[in-house]
Amino acid sequence: MSFEFTKENLEKIEALKSRYPSPKALSLPCLWMAQYQERYISLEAIETIGDLIDLPPMEIYRVATFYTMFNLEPVGKYHIQLCKTLSCALCGKAEMLNHLKNRLGLSPGESSSDGAFTLTQVECLGSCGTAPVMQINDQYYENLTPEKIDIILDSLEEGS
Amino acid sequence: MSQIDIVIDNMTFTAEKGSLLIDLLIKHDLKVPYFCYHEALGADGNCRMCMVEIEGQKRPQIACDTLIKEEMVVRTKGENIDGVRRDILELELINHPIDCPVCDQAGECKLQDFYMDYGLYESNIKQSDKVHHRKHIDLGSSVILDQERCVLCARCTRFTSDITKTHELGIIGRGDHACVSTMPGKKLDNPYAMNIVDLCPVGALTSKDFRFQQRVWFLTSSPSICHGCAKGCNIFIDHNREKYKDETIYRFRPRENQQVNGFFICDEGRLSYKKLQDNRQLDMILNGKSCEEAEALEAYRNLLEAGSGKIVILADANLYTEELEMIQIYAQKLGATLSSPMVSDLDDAFADEWLKSSQRASNAKAIEKLGIMTDLPDEKIALLINFNHPNTVSIDAERVISFRTNQQKEPADLILPLAVFSESSGTLTNEDGIEQYCPKVITRNDPAPTVIEWMIRCQEEVE
Ligand code: SF4
Ligand code: SF4
Ligand code: FES
Ligand code: FES
C-alpha cells in the first residue's frame, strides 16, 4: 500500500504553505485532504504528510488520534454518525439507533460488507435544537424519525 | 542577568532574575511535588503538581513555568496549597490501577511519595469505575510500558522528541483515552532508550532487564564510573547482598554530572554490569587445572625464572591509573617491556556524536599520559605477563601468565583471577582529560585480588 496526494491536493498544500510561517502548521489541512481523498487516513498517508510538511510521523499521528472526526480505519461510502449526546439522547436517539441497527444489520463501529455503510455514534453535533441528529458524510439530517431514516437510506441505496 | 533576592517560606534566597522558580526550589531542597518538569527536558506545565502560592496572585501558580522576579514572595507550604495539591493528585490517580504490590516502581514512585505527603484522602471512585488501558506492552529496547500507570507527564515522549530526536513515542488520543504509544507496528529503537525508565516518575515504564529482580528498598546505590568507553559516564551501581548469597549488582543508573554525561547514559553501558558478574574467572588455573594460591605463586616464580629472554607485560587500558603505575614500576624492576595495544579498542560502530566514544577503553588517556607504548615489540617473546588485556591469543610467547577478570580461551600456562572495576578502586581519565575517582563498591564473599594486591603478593615471591 502506498499513498500519494492527488495533483490538486498537492497544489492546495503548496498554496497553503505561503499562509503560515512554517509548513509544520499544515498537519490539519493535510489530514483533511487525505481523509477526503481516501475516506480514511492510512499510516502511509501519515508518513507522506510528514515528509511534505517536515514533521516526524508521530507528530501527525498524535493529531490524527486526538480528533475523533479523523477516521484511522477505512469507512464505508456513507459514514453514518449518529449523535449520542444529551439532547439527542433525550429526544429519541435510542430509537433511531435501534432502527439503524435493524435496517442496516450493523452495530456501532461496524461497516457493511459491500462497503456502502459504516455506523458510528458520536458526541454532540452542535445541532441540539433539531435533535435527534445524524451526519452522513458532510450532510446533516435533523429531527429524525424512523420513517425519515428509511427515506434517507432508500435514496442513498438507490444512488449507489 | 542580575542576581536578586526573593522570599520563599519566610527565608531569603538569591537567584538569577528570569530563571525558573522550580530550579531554585530543587537546588535548595525546598520540597515541591512535580511529575513533568525535568532539568534535562525543561518545563512542560502539564501535570500541575508543582503549584506554589505567590503573593499578589489570585490563584496558585505552577513553579516550573514561573520566572523569578523582583520582590517575589513565595509559599510552598500551608493548608491552602496542600489542599490544591491533594485535589490535583486525586485527579491524577482517578484511573490509576491499584498495582503497587505488584508494581516494580513501588518504593521509588512519585505517585506513592506524593500520596503520602499530600494525598491521604478517601478515594471517591470505585475500582470498577476505572478506565483501563493496556498493560505490559513491549515497546522495544528492553522497555515495558504499562499504560494504566502513566500520569501522562510526557517526559518519555519529550526525551525521544527533544533529546534523541528519534520521535518514537507520543501521547495519542485524548481525555480518558490518552496514552503513550509508538506508531502502530513501530518499536522504540534508539541506543539511549532505557533512560526513559529513569525519567518516568511512576511505574509506567520499567526495564525488562531489571523488573521483578529486586525490590528497590533492598538496594544500596553506590557512585561509580561506567567502563564501557572513554567517556566515563557517571553512574550509580545498585546492589544488594541477599542472605547466603554473594553481593549482586542489579542495575546501573545514570548519575548527574554536567561535565561528563549530563543526566543520561547509553543502554549498552547500562547493561554492561552483567560483565562484572557473568563468566568470571574465579579459579587459579595452572596448565589447565585449578590450583591453590601457594602452588600458583610458586608457578609464577618458576615461570619468571625459567630462562632469560624478552619479558613483555600487557596492560588493559581499562585498569585504574594507580594500577597502571604499579605495573609500570613492576615492569622496570623486571626489565620488561610494557605495552597496551589499542587495536581492539576502537569501535566506530559504537560511537556517536553524543556520549558514546569510539575509544572503548575507559582509561586510554592514562595510557597516553603515562607514556605506555601501544604497539608490540617484534622481538621473540620469552615470557608474556598479561594484565587483563583482551588480546593475548595472537601473541606468540614461550610462556604466558594471564591475570583475568573474565574467563577467556587463551594459551596461558598460568591464569590468575582479577577483581573487576567495581571490586577495586582508582582513578580514570576520560577522553576529555577529566580525572574521575571510582570507589570500591562490591565485596565478594570470596574476592578476587586486585592488581595492587597481586603485585604485592608476587613481589614478595620475587624478593
Ligand atoms: S506506578 Fe507507583 S503508584 Fe502506580 S502502581 Fe506503581 S508503585 Fe504504585
Ligand atoms: S510513561 Fe511515564 S514518563 Fe511517559 S508520560 Fe507516562 S508517566 Fe510520563
Ligand atoms: S446533543 Fe445531539 S446535536 Fe447536540
Ligand atoms: S512540574 Fe510544573 S506542571 Fe508539571
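The values are calculated or read from the model by the stated rules, or taken from the named source; none is laboratory data. All of these numbers come straight from a predicted model, not from anything done at the bench. Virtual Cβ from ideal backbone geometry, glycine too; neighbours counted across all protein chains shown.
Table for the structure above
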| read-out | value |
| --- | --- |
| Yes/no for A:I41 being under 20 Å from B:T182 (Cα atoms) and assigned to a loop (DSSP other than H, G, I, E, B) | yes |
| Single unsatisfied condition, A:Y141 versus (1) in contact with a strand residue (DSSP E or B) (Cβ under 6 Å, 6 or more places away or on another chain); (2) more than 16 Å from ligand 3 (Cβ to nearest atom); (3) more than 27 Å from B:H177 (Cα to Cα) | (2) |
| Whichever residue in the range A:60-72 is more than 7 Å from chain B (Cβ to nearest Cβ) and part of a helix (DSSP H, G or I) and, among such residues, is farthest from A:L43 (Cα to Cα) | A:V63 |
| All strands (runs of 3 or more DSSP E) inside the range B:387-463 with 3 or more residues being in the same structural domain as B:N302 (by TED's automatic domain parsing) and within 30 Å of the chain's Cα centre (by Cα) | B:397-404, B:426-429, B:435-438 |
| Matching entry among A:E47, A:E73 (being exposed (fewer than 15 other Cβ atoms within 10 Å of the Cβ), touching a Phe, Trp or Tyr at 6+ places or on another chain (Cβ under 8 Å) and over 18 Å from A:L153 (Cβ atoms)) | A:E73 |
| Matching residues in the range A:94-124 - criterion: being part of a loop (DSSP other than H, G, I, E, B) and over 25 Å from A:Q37 (Cβ atoms) | A:G105, A:S107, A:P108, A:E123, A:C124 |
| Within the range B:151-180, tally of residues that are polar (S, T, N, Q) and near ligand 2 (Cβ under 7 Å from one of its atoms) | 1 |
| Which numbered condition A:E44 misses (of (1) in contact with a helix residue (DSSP H, G or I) (Cβ under 8 Å, 6 or more places away or on another chain); (2) more than 11 Å from A:S27 (Cβ to Cβ); (3) more than 9 Å from chain B (Cβ to nearest Cβ)) | (1) |
| Flag for A:T120 being surrounded by 14 or more Cβ atoms within 10 Å (Cβ to Cβ), among the hydroxyl-bearing types (S, T, Y) and within 16 Å of ligand 2 (Cβ to nearest atom) | no |
| Flag for B:R211 being within 16 Å of ligand 2 (Cβ to nearest atom) and assigned to a strand (DSSP E or B) | no |
| Any chance A:A34 is within 14 Å of chain B (Cβ to nearest Cβ), out of contact with any Ser or Thr (no Cβ under 6 Å at 6 or more places or on another chain) and either assigned to a loop (DSSP other than H, G, I, E, B) or under 24 Å from B:P184 (Cβ atoms) (or both) | no |
| Within the range B:19-37, considering residues that are under 23 Å from the mean Cα position of the chain (by Cα) and not in a loop (DSSP other than H, G, I, E, B), the one nearest to ligand 1 (Cβ to nearest atom) | B:I26 |
| Output for the range B:164-212, where each listed residue is β-branched (V, I, T) and out of contact with any strand residue (DSSP E or B) (no Cβ under 9 Å at 6 or more places or on another chain) | B:T164, B:T166, B:V202 |
| Residue under evaluation B:L91, criteria (1) more than 16 Å from ligand 1 (Cβ to nearest atom); (2) within 25 Å of B:A154 (Cβ to Cβ), criterion not met | (1) |
| Candidate set: the range A:16-28, residues that are surrounded by fewer than 18 Cβ atoms within 10 Å (Cβ to Cβ) and of a type outside the set (A, V, I, L, M, F, W, C); chosen: the one nearest to the other protein chains (Cβ to nearest Cβ) | A:K24 |
| Matching residues in the range B:153-194 - criterion: being under 24 Å from the mean Cα position of the chain (by Cα), at the interface with chain A (Cβ under 8 Å from one of its Cβ atoms) and part of a loop (DSSP other than H, G, I, E, B) | B:H167, B:E168, B:L169 |
| Among the residues listed as B:N124, B:N80, the single one being more than 16 Å from ligand 1 (Cβ to nearest atom), free of Cβ contacts under 8 Å to residues at least 40 places away in the same chain and in a helix (DSSP H, G or I) | B:N80 |
| Pairs with Cβ under 8 Å, 6+ apart, first in the range A:73-93 and part of a strand (DSSP E or B), second within 16 Å of ligand 4 (Cβ to nearest atom) | none |
